[in-house]
Amino acid sequence: MSPLFRLRAQVLGVGVVVTILGFTGLAASQSPAILPAQSTWALTATGLLSQPIADSTPDAAQLRRGQYLVAAGDCMSCHLRDGGQPLAGGLRLNTPFGVIYSANITSDTQTGIGAWTNDQFYHAMHDGIGMHGENLYPAFPYPWFRRVSRDDVDAIFAFLKSTPAVNYTPPANDLPFPLSIRSMVKGWNMFFFNSRDFQADPRQSGEWNRGAYLVNGLGHCGGCHTPKNALGADRSSQELYGARLDNWVAPDLTGNDRTGLGGWSIDDVAEYLRNGRNTHAGAGGAMADVVTYSTSLMSDEDRRAMAVYLKSQTVSPSVSHQQPDSGAMRRGAAIYSDACASCHLEDGVGQPRLFPPLGHNAMLQQADATGLEHLVLAGGRIGTSASRPSPLTMPSFAWKLSDSEIADVTTYLRNSWGNLASAVSVAEVHDVRHRLGLQATQLTVNSGDQN
Amino acid sequence: MAAAAIHDGELGAPAQTFRGSVPWREGTADVPPGVSGPGYVYFEPAEAAFIEAAVGRLIPNDQVGPGAIEAGVPFFLDRQLAGPFGRGDHYYLGGPWPKGTPEQGYQSRFSPAQLYRAAIAAIDSYVGATFDRAVFSKLATDEQDKVLKGLESGEIGLDGGVDARSFFAMLLQNTKEGYFSDPIYGGNRDMAAWKMIGFPGAHYDYKEWVSRHGERVPYPPVGLKGRPGWTQS
Amino acid sequence: MDAELTVTTTLKPVDAVLVGFGWTGAIMGQQLCDAGLNVVALERGPWRDTATDFATGFAQDELRYMWRHHLFQNVAYDTLTIRNNTSQQALPMRRLGAFLLGTGVGSGGVHWNGQIWRFLPSDFVTRSHNQQRYGQKAVSDYDLTVQDWGVTYGDLEPYYDQFDKLCGTSGKAGNLNGDIQPGGNPFEGPRSSEYPTPPMVQTYAPTLFGQAAAGLGHHPFPHPTGNLSESYVNPLGAQLGACTYCGFCEKFGCGNYSKASPQTTVLPYLMAKPNFTLKTECEVLRVELTPDGKRSTGVTYVNSAGEEFFQPAEIVILSAYVLQNVRLLLLSGIGKPYDPGTGEGVVGKNYAYQTMSSVNVFFDDKILNPFIGAGALATVIDDFNGDNFDHSGLGFIGGAYIAGMVTGGRPIEMIYTPDGTPAWGLEWKHAAAKNYLRSFSISVHGSCMSHRGNYLDLDPTYRDVHGRPMLRMTFDFTDNEHKMSDYLTDRAAEVARAMNPREIRLNRRTGSFNVTPYQTTHNTGGAIMGDNPSDSVVNKYLQCWDVPNVFSMGAGAFPQNAGYNPTGTVAALTYHAAHEITTRYLKNPGPLVQ
């Protein structure tokens, strides 16, 4: 047995026994069992967030609330690495300042939060201070979590303490000096950690206030959707205007008709949060995980409250643009018809809830085209949920289209069927391709017919 | 564990275990194995002479459409025989090797590349013995046609363990493949064979044309790597 | 590898192991996981999915997929031997030809056409029905060995319906609960509900075919299809799109989620289940039995690194292709092998196929645009299928559907030239240029009855890479099939002539079965079902009579093959078996039919 297999077998929790061929027939039971006989299996991430909690469990009500809030806070997206156990952390976060690995927040007493107290956990959520008084890096979104009520934080903590303990220590962060000194964060906090506990606005409805609590608190939507300054803090005057993040663009969530949610109804927003897809768009990039591990697991009421709040945002200013080059538009139209119409159909009408229609499409018209270039180069997958499990995926075109072809087709997309946005340059496509490491072809396990 | 070569089939790709979700990785694609580079890498000069003569008779050039030469078929064949197809990567070549009945199909020990090599030598040897010129490529075109017809019908027997009909069937099939396949494989140059018949190639959406009975579809032929309209300034 | 040195790793037991992961594996996996069982699927090919392995950017590649077999089983590693009769030596199928076997996740469900049919009620009682109507001779002439299935159309109807709803099948019902519906197939068995989505829109050629057929008094209708006419959400929540008629469907994977496949209909749901595990590049070598041979303990498999494992399981589901399932039964010693000399034994018995012919139609004045196509884009008549017509005096049983069908216009494979055109040279090229846009093919999709001399067993000479004997196929068309096919090809020619073309070309089914030209991947029989262990391998729930915790899925269960594509019936049998396993077997594991 190879070490590789041993490792994999352990990861899957498979008990391994070596026997000699010929013994095998005797190793198993001789008589039929009532089935299912092997009913224990590993918990999946969504399973942990959605499995029923029995009434007989002590503090069942608080645990259920905590389970719900862990979903609402999208804890799983960051505290789950590829191939790892739910909430055990270790996900590599590429921040503009260096690499940070998410923490283990399972109940493990050595490597997780099992030994923490309620107060310590609240201190972390509210103030960004760890168990030993150390400053946490603001990749952990405590500036948003500060707005979460003490009761909610306690419920979250109670649920986390009930999760299966996973003994796992994430890799050390890789931050350049002086950011590697945690106390530097104190200075950052002094300048930028200015959020306050949540205050309801008595002029607004209860639904709106609930939405505001979720969007600006646990949901920490601005963590991705609000532009950041050079030190990674929110530009508070541009809340939810959309921002670049890890070679994607978290789009404008204000009511802007071209780049934001202007063309979406409250129901459209709620449907998107529930299913990761609606008649306008599909949730790709980091938003795919947000749908899977967070918004799809929330209640209809809370999704609607978030939609109501988002639809009330101040509209971001429109960006001016220039008429695109007619050659680029002509070439882009040719490429579109041959390479894109297979799913989005001639005239960009798309297939609702499957392949987004491209006319009047906000994602296409973001001022920053990085996300669109990323999507065409690398492909993108829509987040799944129990109600809509199909992980509809746009294929990668990195192997098929050159940088200039991608510049032409994306320019065409950004300026057709009612869309208006700046042209895409060959140089920016080239940059994104290199940042994504897609200069060379990335094959699949099927690709055995290469010479 | 030995480093398993990736493989397009049953055995060879690493064993994998999937649980909990449908896997996917950004940027991955089972990209088609297009060919590149100048000149022949498999054919020896004498073989190239035979191939260029033979495929030119199988699909001659005229004003209706390109011939196999004009479509780049010899180059296509060369790259096919130099690659996995030539090695017989999807052929079972284990023994024993009785001839079998015609219904039992291909029963040679040769991989396609080996068959071409052996058959071309055997045909030139037959030509040398039968005509007063040494090799097939030097025959007049009507003589070449006669030899090809003899191979097709099996009336010409070949030495070297080569079944003439098997080879002819493979050569004709591969020639048509080179003529009509996507240009990334080196044949169907300028998509001229597709233009000749009116095939739009790798276009994917005809939804608007399904019920437009009897109309000409206006899409120009496109290959997997595009068409001139993608890059014209 | 030396057997003494082989180390087999015993894995943690599971409730059920699936051997092969195409349509039947996916459906059974979903059903068993929903019942709470811990299920492991072992697939000998690789993982495959839409956007990475048959994406719209490269799926339209005739050379790579059709001619270089990129998605198919690689015969270099596993093939079978074939002969027409027992007097010949069987020789390996050295290159795929007559049929194109699948491999990998989704397997044939990835590269099928999406033709979704139900067999006729009379097809399930081939022997008793024909005997009653035409006499004993009709079912025993030519050494036919046709049997009744032990299951009826009525038994299967709910499960046919379940598969239609899984796929979102596009079509028009012809018989809703006994009421004949205009526009549908009036000969079909009664359906409990209309198709989930409306029929596809027909292109020019199928439309002309339908008009001509109607003019002759036949009953044309749109082919039922898993190439969807509109977007659809199935009961598992999985989504399919509307087909764009790209013409690269059968033999290809669908790039835009519009063809029903395990990938589009089941996997999004099943892969998320915590009690489901899929292992790829793992080939099952044999089903292990207790020393008395009456119960399976699990399966032994080898992965692509050559490591061998024993996977203990309470239930073993053979969900590979027909030819693999039968071979595993033979290799594992489950059931008595069939002997054509004595007629004794059952495993391998009644191997059958499909009897295909066609008529090409050539116009001067009509542009047909054959490249606008889909795997099941056709107008069909069923007037001459099964026992939908009087066979008195015809000298055969069975029949075929006749379809004006345009699956695509892929030019290496699908250029039709008139009778007398040479296969090469200027004349061929001119014929290709002239006729490509103006011709199409009417296909005749015929039944294949079972015959005493047609069977599967293990080859005495040739072995696979694991050292196991290859499967040996002994098969030829009988006079029953030749007569049926000639009669049906003549009917197709009548429709063709009624279209007023310039000319037609008849491609009759002549001579012996030939392994080279592609015909169809509808291999059936060898693990046949029935109501008694003396003449069948499995009972009506696909449970092996001899080893009741082994179930054998697929068309191997067909006692003979009807004139339809098998997948609809294969899926219905799978759901039928799954229902019985989950409702009865789990509570009381043992024989489901005494």
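Throughout, read-outs are computed from the coordinates displayed, never taken from laboratory work. Please read all numbers here as calculations on a predicted model, not as lab measurements. Backbone-built Cβ (ideal geometry, glycine too); neighbour counts: all protein chains shown.
Collect residues whose amide H, placed 1.01 Å from N in the peptide plane, falls under 5 Å from the amide H of C:Gly409; neighbours closer than 5 in sequence don't count.
Excluding prolines and chain starts, which carry no amide H, the hits are C:Phe371.
Whole angstrom only: what separates the Cα centroid of segment C:482-544 from the Cα centroid of segment B:106-138?
Between the Cα centre of segment C:482-544 and that of segment B:106-138, the gap is 39 Å.
Please check chain C for the longest run free of trypsin sites (Lys or Arg not before Pro) that are loop-located per DSSP (anything but H, G, I, E, B) and have at most 12 other Cβ atoms within 10 Å.
No qualifying site falls inside C:1-293, the longest such stretch.
Using +1 at the Cβ of each Lys and Arg and -1 at the Cβ of each Asp and Glu in the protein assembly as shown, identify which of A:Thr279, B:Gly214, A:Asn118 lies farthest towards the dipole's positive end.
A:Asn118
Give the Kirkwood hydrodynamic radius (Å, one decimal) of chain C, defined as one over the mean of 1/r across all pairs of different Cα atoms.
For chain C, the Kirkwood estimate is 24.1 Å.
Angle, helix C:23-34 long axis vs. longest principal axis of chain C, Cα atoms, 0 to 90°, nearest 10?
50
Name the residue from C:Pro312, C:Phe371, C:Thr355 whose Cα lies farthest towards the positive end of the charge dipole of segment C:308-411, charges +1 on Cβ of Lys and Arg and -1 on Cβ of Asp and Glu.
Highest projection toward the positive end goes to C:Pro312.
Output the Kirkwood hydrodynamic radius of segment C:1-102, Cα pairs only, in Å rounded to one decimal.
Answer for segment C:1-102: a Kirkwood hydrodynamic radius of 17.5 Å.
Taking the Cβ-Cβ separation of A:Gln322 and C:Glu494 as r and a Förster radius of 45 Å, what is the calculated FRET efficiency to the nearest 0.05?
Approximately 0.10, to the nearest 0.05.
Quick one: dipole size for segment A:50-110, taken about the Cα centre, charges +1 on Lys/Arg Cβ and -1 on Asp/Glu Cβ, in debye to the nearest 20.
140
Between B:Asn61 and B:Trp97, with labels modelled 7 Å along Cα→Cβ, what's the label distance in nm to one decimal, could you check?
It is 3.7 nm.
Got the relative contact order for chain C handy, in percent, Cα pairs under 8 Å and 6 or more residues apart?
Relative contact order for chain C comes out at 22 percent.
When the chain is fully extended, how far beyond the present Cα-Cα distance does A:Asp59 get from A:Asp431, taking 0.36 nm per residue of separation?
128.6 nm
In nm, give the distance between the simple-model label positions of C:Thr583 and C:Ser87, each being 7 Å from the Cα along the Cα-to-Cβ direction.
5.2
Using only alpha carbon positions, build the gyration tensor of segment A:361-432, then give the equivalent ellipsoid semi-axes as the square roots of 5 times its eigenvalues, largest first, whole angstrom.
23, 16, 9
Give me the Å³ per residue figure for the convex hull around the C-alpha atoms of segment A:52-158.
Dividing the Cα hull volume of segment A:52-158 by its residue count gives 112 Å³.
For segment C:282-307 and segment C:182-259, write down the distance between their C-alpha centroids in whole Å.
Measuring centre to centre over Cα atoms gives 41 Å.
Using 10 Å bins from zero, what percent of all Cα-Cα pairs in segment C:120-206 falls into each bin?
Calculated P(r), rounded to whole percents: 16, 35, 27, 19, 3.
Compute the whole-percent fraction of alpha carbon pairs in segment C:458-556 spaced more than 20 Å apart.
64
Give the span of segment A:92-209's Cα atoms along each principal axis, as three whole-Å numbers ordered largest to smallest.
Projected onto its principal axes, the Cα set of segment A:92-209 covers 47, 36, 23 Å.
Kindly write out, for segment C:229-238 in residue order, the coupling ³J(HN,Hα) from the Karplus curve 6.51 cos²θ - 1.76 cosθ + 1.60 (θ = phi - 60°), rounded to whole Hz, with x marking Gly and Pro.
Rounded to whole hertz, the list is 6, 8, 5, 8, 10, 8, x, 8, x, 6.
Taking the simple approach of a point 7 Å from Cα along Cα-to-Cβ for both B:Ser153 and A:Ser205, what is their distance in nm?
Here the answer is 8.8 nm between the modelled labels.
If you build the Cα gyration tensor of chain A and take the root of 5 times each eigenvalue, what three semi-axes come out, in whole angstrom, biggest first?
37, 31, 23
Let's test the formula: R0 of 56 Å, r as the Cβ-Cβ distance of C:Asp292 and A:Asn118. What FRET efficiency results, to the nearest 0.05?
E between C:Asp292 and A:Asn118, to the nearest 0.05, is 0.35.
If each DSSP helix of 4+ residues adds -39,500 (n - 2.57) and the sum is divided by the residues in the protein assembly as shown, what number results at 222 nm, nearest 500 deg cm²/dmol?
-8000 deg cm²/dmol
Please report, to two decimal places, log10 I(q)/I(0) for the protein assembly as shown at q = 0.05 Å⁻¹ as given by the Debye formula with identical point scatterers on the Cα atoms and no solvent.
Those come out to -0.38, one per q.
To the nearest 0.05, how large is the calculated FRET efficiency for A:Asp347 and C:Val465 if R₀ is 35 Å and r is the Cβ-Cβ distance?
The pair A:Asp347/C:Val465 has a calculated efficiency of 0.10.
Can you give the Kirkwood hydrodynamic radius for segment C:271-342, in Å, rounded to one decimal and based on Cα pairs?
Taking every pair of different Cα atoms in segment C:271-342, averaging 1/r and inverting gives 13.8 Å.
How large is the dipole of the protein assembly as shown about the Cα centre if only Lys and Arg carry +1 and Asp and Glu carry -1, each at its Cβ, rounded to the nearest 20 debye?
Approximately 880 debye in magnitude.
Which log10 I(q)/I(0) values, to two decimals, does chain B give at q = 0.13 Å⁻¹ under the Debye formula with one point per Cα?
With no solvent term, the Cα-only Debye profile gives -0.94.
Structure shown: which of C:Lys165/C:Lys259; C:Lys137/C:Lys483; C:Lys251/C:Lys273; C:Lys366/C:Lys434 lie over 18 Å apart, alpha-carbon to alpha-carbon?
Beyond 18 Å between Cα atoms: C:Lys251/C:Lys273.
How large is the convex hull of the C-alpha atoms of segment A:291-376 per residue, in Å³?
In segment A:291-376, the Cα convex hull volume per residue is 140 Å³.
Go ahead and collect, in residue order, the members of segment B:45-77 whose backbone nitrogen is under 17 Å from a label point 7 Å along the Cα-Cβ direction of C:Leu426.
So the set is B:54-70.
How big, in percent, is the set of alpha carbon pairs in segment A:265-336 lying more than 21 Å apart?
That tail contains 48 percent of the Cα-Cα pairs.
Got a sec? Charge dipole of the protein assembly as shown, +1 on Cβ for Lys and Arg, -1 for Asp and Glu; which of B:Ile69, C:Met93, A:Ile34 is way out at the positive end?
Selected residue: A:Ile34.
Where the Cα atoms of segment A:194-261 are projected onto their three principal axes, how long is each span, largest first, in whole Å?
Principal-axis extents of the Cα atoms in segment A:194-261, largest first: 37, 30, 19 Å.
Taking the Cα centre of segment C:307-444 as the origin, how large is its charge dipole in debye, to the nearest 20, when only Lys and Arg (+1) and Asp and Glu (-1) carry charge on their Cβ atoms?
Here segment C:307-444 has a charge dipole of around 400 debye.
Could you work out the mean count of beta carbons from other protein chains within 10 Å of each residue's beta carbon in C:6-18?
5
For peptide C:74-80, compute the average count of partner chain beta-carbon atoms within 10 Å of each residue's beta-carbon.
What the average comes to for C:74-80 is 6.
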